[in-house]
Every structure is written in structure tokens, then in C-alpha cells.
Amino acid sequence: METRARYALIGLFMLAVIMASFGFVYWLENKGGIGQRATYRIRFQSSVSGLLVGSAVLFNGIRVGEVTDLALEPEHPEQVLATVAVEPDTPVRSDTQVGIQSQGLTGGAAVTLVGGNAASPAVSASEGELPVLVAEPGATEDWTGLGRTVLRKLDTILTDNADNFHSAIANFNTFTDVLARNSDRIEGLLAGLERLTGGGTPKTEMPVYDLTAAKDFPALAVPPSWQLVVPEPSALLALNTDKIRVRPSTAPETTDLPDAKWTDNAPILLQEKIIQSFENAGYSRAVSRPRDGLEAGYQLLLDIRNFSISTAGEPIAEIEFEAKVLGPNGKIIAAQTFHNAAPATGTDAPAAAAALNEAFGKAANELVPWAADAVNNAPPPLEAAPLEASPPPEASPPPEASPPPDAPPQRS
């Protein structure tokens, strides 16, 4: 009895093992990954370093199969053929992009399938052949491969242009040497640009100098009856500035004092101070600048020739201008050149301004009485003689009326 029970247990055990084996095979067939698969062949145009049989196949980052075979193309040694098996429901289309992705630092690689339009047709296969997907030429290069490619190209560029790079470095060394030798000039140029554009750090405000009108004139015995206009003097462009001009030699070139200026451009400043000098002499009601509605019989025209500091020898201030008085008819009735000078104690701004002010004072003291005398002694303007009134013509008697031709004769 016990022997039969033992055989029964062994039989039940064997039956369970057989059933478990069938269950395992069924699981493998349907759930374990060896069921029905879709097989594709991928043609790579370059090296597939790190790709092995059994490497994963990823579709949009999700594992859908593995590599089942790797082979070379005999007729095209640069190509590699990889056979992959993926889940049958994987949406592989004709425009699906193929590549290789590195898997961490171990050097392993996986085949990547990316996207594709849902409206695109599925990959077709020829008779007896597997569907073929073609990878782009650069699809097998990861970031390390791209880095090596870039370095090789950079090395080629450096090798081919070694002479040019050597020449450029030599020219740069020459340029830096020139900059070092001319550093003072460059600093001056930059400082000039800062002054021109108003940039740089704020500096001390530049002092401004003014001229003094002449005052020491004798009192007038009779008030003038004429009107004199003083327009803005004419001058060369070099003198039409508010800078204090310095002529370092007998040459005509002049420079400016960098730390001083006049209250206005020299022609406008001289016009103002000359008019004030006439006013100080008692001609306030007779002299003015041109104004609308002002009718003046005489004009005082000034042409500035020089207004600067000469440093050819001892520093000296010089002023020179041509003065012309025009009469009511526009003709010149008097003309004279005024040239005055005054010694300067130095070439600094205060000494130069003081010397030029002294020279102007001398010129104004001579100009005012000369212009007044020229106007006072000017011949009176010619006046047109009045026309004499002619008597009206005598009236002639009216002619006698003659009788019409058919009228009867009149009786006496």
C-alpha cells in the first residue's frame, strides 16, 4: 500500500513539473520577449562603435527591442548592417530617424528610433528581404565622436595656416611695440576725445576772461547829431574763437591756451567792448549795433587781423584791425589800420589775458576819437535841389462857332 502511495506522489510531482514547463514556455512566448517580433535591417554609413548583438533598441527613449545581428556590407566596406527585432506595434515609418546613443561611461550603445509622421507609410520590404531603414551619415557619431572630428579639423586648419598665424603673431608684436613707444601720444589723443565728447572725470572749471572797455575820454562839449552803427567785425576763422590765441614764432600758425577762454568769440567780444568805449566817451545816444528800425547815417566797419600773444621773443600781446567809416551814401569817408601792443609778464592764462586787455585798451582809446572826428568832419550829404514851380499856361480864347452849311444867312 505504501509503495503505491509513493508512486502516486512521484507521478503527481512529475505532472506538476510538466505543467509548469508548459506554463513557462507560454509565458516566454507571450510575455517574456521571444514572441512575435517585427524585424528591420538598418544600414549605417559609418562606424557603430559600442554597438553589440543584444544592444537595446529605443523608440523615443522607450526600449522596444534589441539588436539581433551585426554584419558588414561586402560591396560597401564603409557601411554596417544591423538587424533589429522590435515589438510588432512599434510605429516605425518610412521617415523614422535612426541613430546611435551612448549608454553612460561604459561605452555601450543603443539604436535609437525617433518619431516619424503618423500619415507616412510603413517601411516596405522587397521580396525575401527585410524592411530597410537608412541612417544619416552623422547619425552614428555621439558627442565624443563629434569632439574628435572637430579636433581633427581644427588641427588641419592650424597646420595649413601655420605660416599665416606666425605672421599674424609677429605683426601683433610689432603693433604692441608701436603702442608702447607712442603711449604718451595715445593718452593725449584719448584725453582730447574725452574733452570733445564731454566724457571723462569732471575737471576744474576753466577760467573765463573778459576785456575792459576804454574809459579815460575828455568830456564832450557838444552832443553829437549823427548816428553810428558798429556791425560785428569780420575775422579769419582762426580768430573767430573764444580761445586765447598764442603764436609761438613768426610763422602764421597759432595755438590755443588749453586752460583759459574769453567770455565770447573774439569778434563779438571786441564789438561789445568798442560800443561800450563809445558810450564811456559820451556817445551813448549816437552809437549802437545794427537793429531793426534803426536808421543810421554812418557805419564803422572793423576787420580783425591779429589778436594773440606772440612768443617769438619776449611774450607780447598784439592787436591789429582795419577800421573804415562809411557815409550815408555807402562810400568810405575814412580808413585807418590800428596796431597796438603790450608786453606780457608770461605765457600763462592770467598774464596773456591781462596783456591782451591792455593792448585792446590802447586801440580803443585811439579808435573812438578817430571815428568821431571822421564823422564830424565828413562832408554833408548832397541834397537834390527843389524844382521851381512853372506858371500855368495862358488860356486861349475858344474858337468861334461856324454856322452849319445849310443854315440861312444872318441879318445884321
Suppose we keep only residues that are in contact (Cβ under 8 Å) with a residue 12 or more places away in the chain and small (G, A, S) within segment 310-328. Which one would you say is surrounded by the fewest Cβ atoms within 10 Å (Cβ to Cβ)?
A312
What residue, among those in segment 277-296 that are in a helix (DSSP H, G or I) and touching a helix residue (DSSP H, G or I) at 6+ places or on another chain (Cβ under 9 Å), is nearest to F217 (Cα to Cα)?
N280
Take segment 59-116 and flag every residue that is among the charged types (D, E, K, R), part of a strand (DSSP E or B) and surrounded by fewer than 14 Cβ atoms within 10 Å (Cβ to Cβ).
R63, D69, E73, E78
Kindly check whether there is at least one residue in segment 223-233 that is in contact (Cβ under 8 Å) with a residue 12 or more places away in the chain, farther than 23 Å from A372 by Cα and surrounded by 13 or more Cβ atoms within 10 Å (Cβ to Cβ).
no
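Rundown of residues vs (1) free of Cβ contacts under 8 Å to residues at least 24 places away in the same chain; (2) of a type in the set (A, V, I, L, M, F, W, C); (3) not in a strand (DSSP E or B), yes/no style:
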site: A334; (1), (2), (3): no, yes, no
site: A342; (1), (2), (3): no, yes, no
site: A353; (1), (2), (3): no, yes, yes
site: G361; (1), (2), (3): no, no, yes
site: P369; (1), (2), (3): no, no, yes
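What residue, among those in segment 241-263 that are among the charged types (D, E, K, R) and surrounded by fewer than 16 Cβ atoms within 10 Å (Cβ to Cβ), is farthest from F307 (Cα to Cα)?
So the first thing to find is which residues in segment 241-263 are among the charged types (D, E, K, R), and the list is 242-243, 245, 247, 253, 256, 259, 261.
Narrowing the set further to residues that are surrounded by fewer than 16 Cβ atoms within 10 Å (Cβ to Cβ) leaves 253, 256, 259.
Details: E253: 13, D256: 12, D259: 18 Å.
It comes out as D259.
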What number of residues within segment 64-113 are modelled with pLDDT of 85 or more and more than 60 Å from the chain's Cα centre (by Cα)?
15
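Out of A251, A260, A221, A213, which single residue is assigned by TED's automatic domain parsing to the domain that holds A351, in a loop (DSSP other than H, G, I, E, B), at pLDDT 85 or above and of a type in the set (G, A, S)? Quick ask: steps written out before the conclusion?
Details: A251 fails: at pLDDT 85 or above; A260 fails: in a loop (DSSP other than H, G, I, E, B); A221 fails: at pLDDT 85 or above.
Unique residue meeting the criteria: A213.
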Filtered residues of segment 1-46 (kept if outside any loop (DSSP other than H, G, I, E, B), at pLDDT below 80 and among the β-branched types (V, I, T))
T3, V25
Please verify whether I275 is β-branched (V, I, T) and under 20 Å from T255 (Cα atoms), treating the condition exactly as stated.
no
State whether one or more residues within segment 345-359 are more than 27 Å from E205 (Cα to Cα) and either assigned by TED's automatic domain parsing to the domain that holds N265 or touching a helix residue (DSSP H, G or I) at 6+ places or on another chain (Cβ under 8 Å) (or both).
no
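The values are calculated or read from the model by the stated rules, or taken from the named source; none is laboratory data. All figures in this text were calculated on a predicted structure; none of them were measured in a lab. Note that each Cβ is placed from the backbone with ideal geometry, even for glycine, and that neighbours are counted across all protein chains shown.
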